Structure formats: C-alpha cells, structure tokens
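What follows draws every value from the coordinates through simple rules; no lab data is involved. Values in this document were obtained by computation on a predicted structure and should not be read as measured data. Here the Cβ positions follow ideal geometry from the backbone for every residue, glycine too, while neighbour counts run over all protein chains shown.
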Amino acid sequence: MQRGLIVLGILLALVGVLFYLQGTGLLPFGGMANHIEWAYIGGGLAVVAGGLLVFALRRRSPQRSDAMQRMMYVVAALLGLMGLGWIAQGTGLLPFGGRANHIEWAYIGGVLLVVAAGLVVYGRRSRRK
C-alpha cells in the first residue's frame with residue numbers, strides 16, 4: 001500500500017507539473033497551452049501529490065525519515081523555483097502568461113519563497129535531532 005501511494009504521488013506530481021507548464025504557456029503545445037485554469041489545476045494536483053507522499057512516508061524509521069527529508073528538499077526546490085517564476089512574471093521580467101505585470105503574483109511568489117526556505121530550515125533542524 002505504501003509503495004502504491006508513493007508511485008501515485010509521484011505520478012500526480014508529474015502530471016501537475018505538466019499541467020502547470022502548459023497552463024502558463026511554458027510548454028506551448030496541446031489544448032491546455034496558455035489557459036491559466038490548467039495551471040491552477042496543476043498546482044492543485046501538486047498539492048495533493050505532496051499530501052500523498054507525506055502520508056506515505058510519515059513513518060519514523062531511519063530509511064523513511066531520510067526519504068521524507070529528501071522529498072521535503074525536492075518540494076522546497078520546486079516551490080522556490082515556482083516562487084521565483086511568479087516574482088519574475090509579476091514584476092514584468094517574464095512578460096508572458098496570465099500573471100505578467102500583475103504585482104500580486106510577485107507577492108505570492110515571495111510567500112512561496114518563504115515557505116520553501118521554511119521547509120529547508122525545518123529539514124535541517126529535524127536532521128540534527
């Protein structure tokens with residue numbers, strides 16, 4: 001059951017990233033290209049995937065704990081990259097997509113960067129214990 005949840009979580013994360021990239025126009029092919037609602041659906045799938053992975057890896061054995069920490073760093077990196085992209089779009093540095101020149105997306109991107117930094121700090125502190 002645990003292995004199945006991990007596989008499902010990874011697949012949902014990959015589909016979520018694909019939907020997000022198509023919805024924002026970064027992958028300009030298919031019927032979802034440049035339709036921002038698909039980016040929101042992709043983000044939702046990524047959140048669900050993260051929840052599944054956290055649920056599947058939540059046991060405290062050393063092997064699972066290391067896997068959980070690695071997964072936390074991967075999620076932090078993805079959130080950080082997404083936050084940087086939203087900051088760049090919101091400030092107009094990347095002038096494409098539905099978030100271009102909308103400053104509220106720069107603020108949301110900043111919040112994502114803070115969350116990503118928090119995950120890294122939490123991961124480093126939990127390793128010391």
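Here the sum of -39500 (n - 2.57) over DSSP H runs of 4 or more residues, divided by the residues of the chain, equals -27000 deg cm²/dmol at 222 nm, to the nearest 500.
Screening the chain for whole DSSP H helices of 15 Å or more along their axis (Cα) with average Kyte-Doolittle hydropathy at least 1.0 returns 2-24, 36-56. For Arg125 and Val48, what is the calculated FRET efficiency with R₀ set at 25 Å and r taken between the beta-carbons, to the nearest 0.05? FRET efficiency, Arg125 to Val48: 0.40. For Leu94, the amide hydrogen comes within under 5 Å of the amide hydrogens of Gln89, counting only partners 5 or more places away or on other chains and with H modelled in the peptide plane. Placing +1 on the Cβ of every Lys and Arg and -1 on the Cβ of every Asp and Glu, with nothing else charged, gives the chain a dipole about its Cα centre of roughly 1000 debye.
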